[in-house]
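A quick write-up on the structure given underneath.
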Amino acid sequence: MRATPLKCFTSLAVLGLMVTGCGQGLLGDGGGGQTAAAKDEPIVLGMLIPQSGSEAAIGPYMSNAAQLAIDEINAKGGVLGRKLELRTADDACDAQSAAAGANKLVTEGVDVSVGGYCSGATLPTLPIFGKAGIPMIIPAANSQELVDQKLKHVFLINGTGSQQAAAAEKWIAKQGSKSVALMHDNTSYSKDIALRTQALLEAPDGAEAAITEAVTPKESDYSANITNVLAKKPDFVYWTGYFQEGGLIARQLRQAGYKGSIMVGDGSVSPKLIEIAGDEAAEGLYATMTQTPDTLEGAEGWIEAYKKKYSSEPGPYSNQAYDAVRLAAEAITKAGATDGDKVIAALEAIDGFSMFSGPLKFTPEHTLANGGFQILVVKDDKFALQDALQ
């Protein structure tokens, strides 16, 4: 897999000191022109995550990892002489709930937003945080629509939809597939990946995009959609939505007699997908995904620190949420203050900050230069690394 600078991460995590990145200072020593009163108050990070609804299983992975980072930073004295504090709000992966949650966090005076899982729920929060002058470090949501807004306060530390589509097309080509069915749920995130993958497949040397099928989320029976898909006789099916529907679609495809390859997007990478699909239908299922804790080389120390604190395994997007907090702390330190414009300028100037995904330097679009997508496969009831796509 892609090399990542985790040697210093692992040793520091074992000691409970994982608050710097390979020699880069993270903690401030006060100053920044703050008043005495301000220095007594915490620096507040806000995190919108799904705490209810069909994607609620992801929320604790992200908030737990964020709190782990905060506790480690605070144990070393905080940032600019102040403690960090995490405030969460439930977006339920729903646009209306997310807007309400964002307004709640703004009212509570958060300094930086470090949340965002579902792209469709994250999109309406961009102008809310922007109007309040709050920088956003988005650890998971990755629809290209987020990038296309071209907002100065928005930074993505997960690979984008276009990068995921490119990884999907590359794997489909490596499998020698000739006829591909794309399935999405009409949300910003899911439809974006499906249509971008379709465009790549329709290039002169690509496989044939036999059908692009939209489903209605939160249903229990997708037999009509599956009938439409199977009528095109695809040898590869790529579902780009979330795990609740993805598990059902995988199970119902197999029940309908489909023998070809099934792949899901990163929104479906969850133990819940395997549980919903059932062991037999899930076995051998592929996924496009950025790094997960159990596919990160050298992350054993960090995983143990997480397990010791929460008595459970870290899951999808826990490492990205952890890094979002660390990056926010680094930017505030470099800015010397929590002023939004100064923090944004500090984020834009980041060059080589060590994260699980590798040394960070943002593109002019505030995205990762390399999305880091790889191919996972379900093996023995777990997602395992299949191909790093190097």
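The values are calculated or read from the model by the stated rules, or taken from the named source; none is laboratory data. Here the structure is a predicted model, which is why all the values come from computation and not from measurement. All Cβ positions, even for glycine, are placed from backbone atoms using ideal geometry, and neighbour counts span all protein chains on display. Only protein heavy atoms, including side chains, enter the accessible area calculation; ligands, DNA and RNA are left aside. Shrake-Rupley method; radii C 1.70, N 1.55, O 1.52, S 1.80 Å.
Observations, loosely collected:
- Computed on the Cα atoms alone, the convex hull of the stretch 316-390 gives a volume of 96 cubic angstrom per residue.
- log₁₀ of I(q)/I(0) at q = 0.11 Å⁻¹ - the stretch 83-170, Debye sum with one point per alpha carbon: -0.29
- With viscosity 0.692 mPa s and temperature 37 °C, the Kirkwood radius over alpha carbon pairs of the stretch 50-120 converts through Stokes-Einstein to a diffusion coefficient of 252 µm²/s.
- From the alpha carbon centroid of the stretch 281-315 to that of the stretch 100-177 is 22 Å.
- Accessible surface calculations at 1.4 Å, restricted to protein heavy atoms, place the chain at 38 Å² per residue.
- With 30 Å as the limit on Cα-Cα distance, the pairs of K191/K334; K104/K152; K39/K309; K131/K170; K170/K382 that go past it are K191/K334; K131/K170.
- Inter-label distance, nm, simple model (7 Å from Cα along the C-beta direction), N228/K150: 3.4
- Inter-label distance for Q390 and S52, nm, one decimal - labels placed 7 Å from Cα along Cα-to-Cβ: 4.6
- Under the criterion of Cα pairs below 8 Å and six or more residues apart, the relative contact order for the chain equals 21 percent.
- Top positive-direction residue, dipole computed over the chain with Cβ charges, set P139, Y310, G176: P139
- K131-D279 FRET efficiency (beta carbon distance; Förster radius 41 Å; 0.05 resolution): 0.30
- DSSP beta bridge pairing in the chain, given as percent antiparallel to the nearest 5: 35
- Accessible surface of the chain [probe 1.4 Å, protein heavy atoms]: carbon and sulfur percent: 49
- Modelled FRET efficiency - R0 30 Å, N186 with D71, Cβ distances, 0.05 increments: 0.15
- Contact order, relative form, for the stretch 321-390: 16 percent (alpha carbon pairs under 8 Å, 6 or more residues apart, mean separation divided by residue count).
- Approximating the spin labels as points 7 Å out from Cα along Cα→Cβ, the E304-to-D341 distance works out to 4.8 nm.
- Stretching Q96 away from E41 to a fully extended chain increases their span by 16.7 nm, per 0.36 nm per residue minus the current alpha-carbon distance.
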